[in-house]
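This report refers to the structure that appears directly beneath it.
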Amino acid sequence: MKSWQARLSRIAGDVVEEPPIHGAGARAPRLRGPQAGAGGNYELYRYCRRQSTLTSVFAMLGSPAPVSTGWADLWTGDEVVFGTYLSHGAGGSADLTVPYRPGDLILTGSATRLPRIDDTPCDAVGVLIPWRLVSRWRAAIVESPRPIVLGSLLARSAAAYLTSFAVPVATGLAPESGDAELALVEVLNAVLEEMDREHSAEPDNPLLVRAAVLDLIERKYSYPDFGVDAIASELYLSRRQVYRYFEGDGPSLASRIADRRARAALDMLRADPRVSVGTVARRAGFGSVATFRKRFREKMGIGPSEYRLQLLNGRNDAGVALSDLETGS
């Protein structure tokens, strides 16, 4: 906690005192109101201040111990959360984990979709903003089944601005300022407008949508919970719309994702056959070793364990089916 406190002090430009709120035990973080039990061992340090224009400003550090359900009812109210993180972590919906980088801007309109705690500490800063101040984009935010992670230059600049605003205010080193709050709202609305522009043209151009989908598969296949739901959320489309763009055009989306994972697994086995099959399956994004074995055998005509053994013995008899994987057939 001391290093986190020192980091906040550097951001605020003054010494940050001990956080006024410290919770431990079977608790989940709340951005306002009392702690709520969610199972599991959890420890939280939190600064939080109510505001006049915004609802509240917060800075918190949570232990890496997971909440047993993975999620918690973090607040009640008609607000959207904008936040950023000082270190790596993940968040998402009940069945989808979303990785983020330090300095990414993350927003969500549902309490149950706030970032969960995985295997790293959660050091978040952010604000709760009434929907009326960002009402134009409410539908896009609420309909997203996961937190929206924005990493453009404008979004990351806004996250830096948010951090410089939130830390001194939440820790009590800076006074409340309605003008500063409104300035932050203007910055965040500019980011939302950029997000809206980037996605507004995609549903009208099948080629752009298909290219965007294939790009997502290439970049995110290694996440076990990546699938059609994640693609739909990323592109602000329904599952049905996503499927429609690929009707009658080769393998299904599920097959494309599975084939990309199988190609990655094949590359890993060839690069280092000493790596276990379980490790390869996990790194390639398969949800289970059984699923990996089934897909690998379908495409290669041999199980991954047997293929690995052949590589260790200096053979590559399974290479005959490699073209199937490379073409995604």
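Could you check the simple spin-label distance between N189 and E218, using points 7 Å along Cα→Cβ, in nm with one decimal?
3.8 nm
Quick one: which residues, 5+ away or cross-chain, put their amide H under 5 Å from the amide H of L105? H built at 1.01 Å from N.
Hits under the 5 Å cutoff: L150.
Would you mind ranking T291, T53 so that the residue whose beta carbon has the fewest other beta carbons within 10 Å leads the list? Let's see the in-between values first.
Working: T291 14, T53 17.
Taking fewest neighbouring Cβ atoms as first place, the list is T291, T53.
Rule-based calculations on the coordinates, nothing more; no lab input. From a predicted model like this one, the values you see are computed outputs, not experimental measurements. In this analysis, Cβ positions are derived from the backbone assuming ideal geometry, glycine residues included, and neighbour counts consider all displayed protein chains.
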